[in-house]
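Undergrad: My questions all concern the structure below.
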Amino acid sequence: MSKIQRSGKVDVLVIGSGAAGSVFAAKAAKAGKRVLILEAGPERDLNSLTSSQIWARKLKWSGSFVEERGNHKVGNVFNSGYGTGGSAIHHYGVWPRLHENDFNTKSLYGVGSNWPIDYPELQQYYDQIQDEVGISGDHKQEKWRPKGNPYPMPPLPVLRQGRAIAKGFSAQGLHTAPIPMAVRSTPTTDRQACLLDGWCDAGCPNGALANPLVTYLAEAKNHGSEIIHQATVSKILCNDKGNKVIGVEYIDALGQLKVQHADSVILAAFAVQSPRLLLLSSNKHHPNGLGNNHDLVGRYFMTHPTHSIWGLFPEETMPHMGLNGGQLINQDNYDNKHHKNNSYGSYQWLIGNAVKPNDLLGIANSRPDIFGKKLKPFLNHATKHIGNMVGICDDIPQAENRVTLSSNKDKHGLPLAEVTHNIHSRTETLTQQMIQEGLSVFKSAGVKEPWAGPRAGMHLMGGTKMGDAPENSVTNQFGQVHGVDNLFIAGPGLFPTSGAVNPTYTVHALSLMAVEHMLKHWESIVA
Amino acid sequence: MKRREFVKKSSLFLGFAVTSQSLLINQNDAYALPAPMQVLGIQETRIIDILGEAIVPGAKSSGLSQYLDQQLSQKRDSDCLLMIRYLGVPSPFNSFYLSGLSAVDKSSGIKFGKSFDQLNEQELEEFVELMAKDSLPDWKGPPSSFFYFVFRSDAIDVTYGTQDSFRELGIPYMAHIIPTKNW
């Protein structure tokens, strides 16, 4: 295939328009850099976010197929987005912070590896993002919350479902607090307050939920960033010495191979496609893939093991209302990852998630055994009385859980990504302990026969872990690939450990820290 | 004939072009005609209708077979709305559905000694139960419990995932942006 040279070198080329890429693009463009974003998926705007669990599927990944192996598959399509805003366009806006112990699990527990930064270093970036995006919550109620500024907005209201389940936590001596949500409880001139109608998964067109279309991608465009859609990057290009990237090759919407030169490249294509692209970008200096001289690219891939607890409450719960991410949070079992024998890790409960009748996480699929004449009576009752909550566990990072290149190829002739993920036995024990607690809470709340859903993988992390040396990591704390200073990786792929909280807030904070570093040291980085 | 009477009477008839011939039929006859399918054959459509009703009553009239046919006809993966997208099955999904439907028919013959569309209500219920538990004899297709789960989810989508069905369940739809089409 002949290559078409795209005219004009840019300062910053961002691969992926999701949470991480949009923060980089916004801040770099604001600083006067010429920024180009290449997005593999189609263009979307707020008007394309139709309130339907069926139509919501258009937002999910439909790029090259990802082969999945192992006893705990990661659910790439469900967890990944495709198009403007990436996965963050359908994310649920649950924004708790990682805890201090999440950054030092090797030192504290002998598990995984330490992050190259501590919580105090990241705190200022959490606070800045919080101020810029807006988070609704009640910091005083979150007794487990690490240090940080109070939330700029009051919490979203707790509705019937949340109140019904909270009774069970209270009866067990457990604590609940409003979930910190990147969802507006008060309006601004360009973003409405949340209407609590439970369509977050389909995307929030009124701007209440902080998806990139109304936050950093909007800011990036306002400062002159350009975005090209349906542009699939196939290779990151290096200079002759192999110590700098000079741009990328990408395949455009017409199938033409193009070359775009840049002074710096930000690889923000999410946890599966970023390592895939590094592995696809081998050259004479990096024969095993860019940044892979120590065979670490793709390794330590993680997903949060989760289970849902369900139950039919005596009272009406209005489960269709609220937010898909839930109403209340419990992190009582977060800060001691060794709190029970034979298990390891933190977990949290997200309580009172809004659910609709259909879809993978819908009410009907909570009881797939019900069919025929029993189905409609069940749904008639459950759509008014069901309650649910989701337990999210730490995932122990393991080198064997990894992204590799498959022998099968996509429509462009590029090897597919293959993701292998097996759950650690200590994590599996933790999930069982968590389930027992959840069922007990529901019984205390008045549910006669609660049930637990199957284990699922929520969120994708790792694969391009950060660290303090090339021997133990792919990048430094800013996401700069060791030995290739002007190539930054951004996103949850950097996480050395998963923690047990939703990752998007941390992705924003890390990206902000990294882009500020890049801009501050621009001359030496691109020299 | 006055105009109003003409309109009233003519509305009972619809013109259809079938194999290059025009004929006039009434609405009931029109409904009974097989809808033009792109991917699914007559027998497959029949199995979908029967199995759909057995698992999710109302699925046939909600358009399950039309939904599946339309989605399986999409040329681009990104246009497909089927939930199977989430479940780690590579596209195109036609082979998954067609082999599953074929397995339903064959397994019915082995279990009950008759084709699937000949099963009575009790046999259908037993069949679905066995299907959901991977207990059908000589099932050759995607794992039957997985096929059951996917197929049931599709039937739930068309029967309980639309504005009309929300209304029927007595819960408000509360759309930000109302879908102009169910799918």
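Undergrad: What residue, of A:Ala417, A:Ala445, is over 23 Å from the mean Cα position of the chain (by Cα) and aliphatic (A, V, I, L, M)?
TA: After ruling out the rest, the residue left standing is A:Ala445.
Undergrad: Something else: Run down A:Ser62, A:Ser52, A:Ser22, A:Ser107 and say which single residue is closer than 22 Å to A:Val355 by Cα and hydroxyl-bearing (Ser, Thr, Tyr).
TA: A:Ser52
Undergrad: Within the bounds of region A:62-82, is there any residue that is closer than 18 Å to A:Glu219 by Cα and not hydroxyl-bearing (Ser, Thr, Tyr)?
TA: For region A:62-82, residues closer than 18 Å to A:Glu219 by Cα and not hydroxyl-bearing (Ser, Thr, Tyr): absent.
Undergrad: Please enumerate the residues belonging to region B:86-128 that are in a helix (DSSP H, G or I) and in contact with a strand residue (DSSP E or B) (Cβ under 8 Å, 6 or more places away or on another chain).
TA: B:Tyr86
Undergrad: Only one of these is farther than 24 Å from A:Ala456 by Cα and of a type in the set (Gly, Ala, Ser): A:Gly8, A:Gly70, A:Gly63. Name it.
TA: Residue meeting the stated conditions: A:Gly8.
Undergrad: Going through A:Val501, A:Val507, A:Val481 one at a time, which residue ends up being more than 27 Å from A:Leu350 (Cα to Cα), touching a helix residue (DSSP H, G or I) at 6+ places or on another chain (Cβ under 9 Å) and surrounded by 23 or more Cβ atoms within 10 Å (Cβ to Cβ)?
TA: That would be A:Val481, the only listed residue that is more than 27 Å from A:Leu350 (Cα to Cα), touching a helix residue (DSSP H, G or I) at 6+ places or on another chain (Cβ under 9 Å) and surrounded by 23 or more Cβ atoms within 10 Å (Cβ to Cβ).
Undergrad: Among A:Lys221, A:Lys235, which is the only one that is more than 28 Å from A:Pro180 (Cα to Cα) and either surrounded by 22 or more Cβ atoms within 10 Å (Cβ to Cβ) or of a type in the set (Lys, Arg) (or both)?
TA: A:Lys235
Undergrad: Here is a check on your reading of the model: is A:Arg97 part of a loop (DSSP other than H, G, I, E, B) and among the charged types (D, E, K, R)?
TA: yes
Undergrad: Condition first: within 20 Å of B:Thr162 (Cβ to Cβ), in a loop (DSSP other than H, G, I, E, B), modelled with pLDDT of 95 or more and under 22 Å from the mean Cα position of the chain (by Cα). Can you find one or more residues in region A:348-356 that meet it?
TA: yes
Undergrad: What are the residues in region A:402-415 that are on the phi < 0 side of the Ramachandran plot, free of Cβ contacts under 8 Å to residues at least 12 places away in the same chain and of a type in the set (Gly, Ala, Ser), if any?
TA: If the condition is that a residue be on the phi < 0 side of the Ramachandran plot, free of Cβ contacts under 8 Å to residues at least 12 places away in the same chain and of a type in the set (Gly, Ala, Ser), then A:Ser407 is the only one that fits.
Undergrad: Something else: Any chance region A:336-355 includes a residue that's touching an Asp or Glu at 6+ places or on another chain (Cβ under 6 Å), crowded, with 20+ Cβ neighbours inside 10 Å and within 13 Å of another protein chain (Cβ to nearest Cβ)?
TA: No: region A:336-355 contains no residue that is touching an Asp or Glu at 6+ places or on another chain (Cβ under 6 Å), crowded, with 20+ Cβ neighbours inside 10 Å and within 13 Å of another protein chain (Cβ to nearest Cβ).
Undergrad: Taking region B:81-97, which residues are within 8 Å of another protein chain (Cβ to nearest Cβ) and under 16 Å from the mean Cα position of the chain (by Cα)?
TA: Of everything in region B:81-97, those that are within 8 Å of another protein chain (Cβ to nearest Cβ) and under 16 Å from the mean Cα position of the chain (by Cα) turn out to be B:Leu81, B:Leu82, B:Met83.
Undergrad: Mind checking which residues of region A:48-90 are at the interface with another protein chain (Cβ under 7 Å from one of its Cβ atoms), over 19 Å from the mean Cα position of the chain (by Cα) and not in a loop (DSSP other than H, G, I, E, B)?
TA: Scanning region A:48-90 gives a single hit, A:Trp55.
Yes/no per residue for (1) under 18 Å from B:Arg46 (Cβ atoms); (2) more than 13 Å from every other protein chain (Cβ to nearest Cβ); (3) within 18 Å of the chain's Cα centre (by Cα):
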| site | (1), (2), (3) |
| --- | --- |
| B:Gly100 | yes, yes, yes |
| B:Gly113 | no, yes, no |
| B:Asp154 | yes, no, yes |
| B:Thr162 | no, no, yes |
| B:Ile177 | no, no, no |
| B:Thr180 | no, no, no |
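Undergrad: Also, quick follow-up: Got at least one residue in region A:113-133 being at positive phi and at pLDDT 95 or above?
TA: Among the residues of region A:113-133, not one is at positive phi and at pLDDT 95 or above, which makes the answer no.
Undergrad: Next up: Looking at region A:405-421, is at least one residue under 19 Å from A:Leu312 (Cα atoms), touching a Phe, Trp or Tyr at 6+ places or on another chain (Cβ under 9 Å) and surrounded by 15 or more Cβ atoms within 10 Å (Cβ to Cβ)?
TA: No.
Undergrad: Additional query: Contact list please: Cβ distance under 7 Å, first residue in region B:125-143 and away from every other protein chain (no Cβ under 13 Å), second residue buried (at least 21 other Cβ atoms within 10 Å of the Cβ) and of a type in the set (Phe, Trp, Tyr), pairs at least six apart or on different chains.
TA: Final answer for the pair search is B:Gly141/B:Phe147; B:Pro142/B:Phe96.
Undergrad: If B:Tyr86 meets every condition in (1) at pLDDT 95 or above; (2) under 21 Å from A:Ile370 (Cβ atoms) apart from one, which number is that one?
TA: (1)
Undergrad: Regarding A:Ile309, is this residue under 24 Å from A:Glu449 (Cβ atoms), in contact with a Leu (Cβ under 9 Å, 6 or more places away or on another chain) and buried (at least 24 other Cβ atoms within 10 Å of the Cβ)?
TA: Spelling it out, A:Ile309 is indeed under 24 Å from A:Glu449 (Cβ atoms), in contact with a Leu (Cβ under 9 Å, 6 or more places away or on another chain) and buried (at least 24 other Cβ atoms within 10 Å of the Cβ).
Undergrad: Sort through A:Gly110, A:Gly93, A:Gly134 and tell me the only one that's without any contact (Cβ under 8 Å) to a residue 40 or more places away in the chain and of a type in the set (Gly, Ala, Ser).
TA: A:Gly110
Undergrad: Ok, one more. Out of A:Gly93, A:Gly41, I need the residue that is more than 7 Å from chain B (Cβ to nearest Cβ) and under 27 Å from A:Leu156 (Cα atoms). Which one?
TA: Exactly one of A:Gly93, A:Gly41 is more than 7 Å from chain B (Cβ to nearest Cβ) and under 27 Å from A:Leu156 (Cα atoms), namely A:Gly93.
Undergrad: Then there's this: Quick check on this structure: which one of A:Gly32, A:Gly70, A:Gly85 is crowded, with 18+ Cβ neighbours inside 10 Å and small (Gly, Ala, Ser)?
TA: Exactly one residue qualifies, and that residue is A:Gly85.
Undergrad: Follow-up question, since we're still on this one. Mind checking which residues of region A:315-327 are more than 14 Å from chain B (Cβ to nearest Cβ) and buried (at least 24 other Cβ atoms within 10 Å of the Cβ)?
TA: A:Gly325, A:Gly326, A:Gln327
Undergrad: Which of the residues that make up region B:137-161 are surrounded by fewer than 24 Cβ atoms within 10 Å (Cβ to Cβ) and in a loop (DSSP other than H, G, I, E, B)?
TA: Hits for region B:137-161 are B:Pro137, B:Asp138, B:Trp139, B:Lys140, B:Gly141, B:Pro142, B:Pro143.
Undergrad: Let me ask you something else. Give region A:176-213 a look and list any residue that's within 14 Å of chain B (Cβ to nearest Cβ) and farther than 16 Å from A:Leu323 by Cβ, or say none.
TA: A:Leu213
Undergrad: Could you count how many residues in region B:38-69 are in a helix (DSSP H, G or I) and within 12 Å of chain A (Cβ to nearest Cβ)?
TA: Residues flagged as in a helix (DSSP H, G or I) and within 12 Å of chain A (Cβ to nearest Cβ) within region B:38-69 amount to 8.
Undergrad: Let me ask you something else. Against the conditions (1) in contact with a strand residue (DSSP E or B) (Cβ under 6 Å, 6 or more places away or on another chain); (2) in a loop (DSSP other than H, G, I, E, B); (3) over 30 Å from B:Pro179 (Cα atoms), where does A:Trp115 fall short? Just the number, please.
TA: (1)
Undergrad: Let me spell it out: the conditions are (1) assigned to a loop (DSSP other than H, G, I, E, B); (2) at negative phi; (3) crowded, with 17+ Cβ neighbours inside 10 Å, and A:Ala399 meets all of them except one. Which number is the exception?
TA: Only one criterion in (1) assigned to a loop (DSSP other than H, G, I, E, B); (2) at negative phi; (3) crowded, with 17+ Cβ neighbours inside 10 Å is unmet by A:Ala399, namely (3).
Undergrad: Okay, next question. For region A:357-396, name all the residues that are within 9 Å of chain B (Cβ to nearest Cβ), in contact with a Gly (Cβ under 8 Å, 6 or more places away or on another chain), in a helix (DSSP H, G or I) and closer than 23 Å to B:Ala132 by Cα.
TA: Of everything in region A:357-396, those that are within 9 Å of chain B (Cβ to nearest Cβ), in contact with a Gly (Cβ under 8 Å, 6 or more places away or on another chain), in a helix (DSSP H, G or I) and closer than 23 Å to B:Ala132 by Cα turn out to be A:Lys376, A:Asn380.
The values are calculated or read from the model by the stated rules, or taken from the named source; none is laboratory data. The structure displayed is predicted, hence computed values, not measured ones. Virtual Cβ from ideal backbone geometry, glycine too; neighbours counted across all protein chains shown.
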